[in-house]
Amino acid sequence: MATEHAPYKVLFVCLGNICRSPTAHAVLERKLASSPLAGHVHVDSAGTGDWHIGHAPDVRAALAARQRGYHMDHLRARQVRVADFREFDWILAMDHSNLADLKKLQPEHAKAQLSLFLPLDRKLGLAEVPDPYYGGPEGFETVLDLVEAASDALIRRIQEQL
Ligand code: 4NP
């Protein structure tokens, strides 16, 4: 088990860091708090793009999350950086495009394991969390449904690793 001084570190990455990855960030934080891993895992999120650096999560994402009891008020967007590959244990991409961008940034001898998020839950049979930014409110519910399922799978996987 990781100690308080060296928590296991997970980074979620999407394009803008205002819709999908902050949703995953908030969902995993709350699920961890009521799991045996409470206090042993540090969660963060970032975007491959720089358009929304410093911005709060999209209000539609925050509202949909709040209706399920997840809070995103403490989150602000940042861009992923090379140092993240040395700091985090696992970097999880929301779609293939994010993963391709991350592979371009990935340094040699990175500590972080890099993968897509959704395949952690094999039952979903899906690879990507669809980008809800240009769609309607139902897209944000889909993001939450997928992220909730994959977060449960992620917690099980981290428990196996620690
Ligand atoms: P996200 O969604 O990657 O889930 O945060 C997006 C947010 C902003 C933009 C695209 C996707 N954008 O083009 O500004």
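Quick rundown of the values:
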| quantity | calculated |
| --- | --- |
| Flag if residue 62 is under 23 Å from residue 83 (Cα atoms) and more than 9 Å from the ligand (Cβ to nearest atom) | no |
| Enumeration of residues in region 30-64 that are without any contact (Cβ under 8 Å) to a residue 40 or more places away in the chain, in contact with a strand residue (DSSP E or B) (Cβ under 8 Å, 6 or more places away or on another chain) and over 16 Å from residue 89 (Cβ atoms) | 47, 49, 50, 53 |
| Some residue of region 70-93 being within 14 Å of the ligand (Cβ to nearest atom), farther than 21 Å from residue 32 by Cβ, crowded, with 20+ Cβ neighbours inside 10 Å and of a type in the set (Gly, Ala, Ser) | yes |
| Counted residues, region 1-28 - those being surrounded by fewer than 22 Cβ atoms within 10 Å (Cβ to Cβ) and at pLDDT 95 or above | 3 |
| Selection from region 117-137 of residues that are within 14 Å of the ligand (Cβ to nearest atom) and buried (at least 18 other Cβ atoms within 10 Å of the Cβ) | 117, 118, 128, 129, 131, 132 |
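The values are calculated or read from the model by the stated rules, or taken from the named source; none is laboratory data. The model shown is predicted, which means the values in this text are computed figures rather than measured ones. We place every Cβ from the backbone using ideal geometry, glycine too, and count neighbours over all the protein chains shown.
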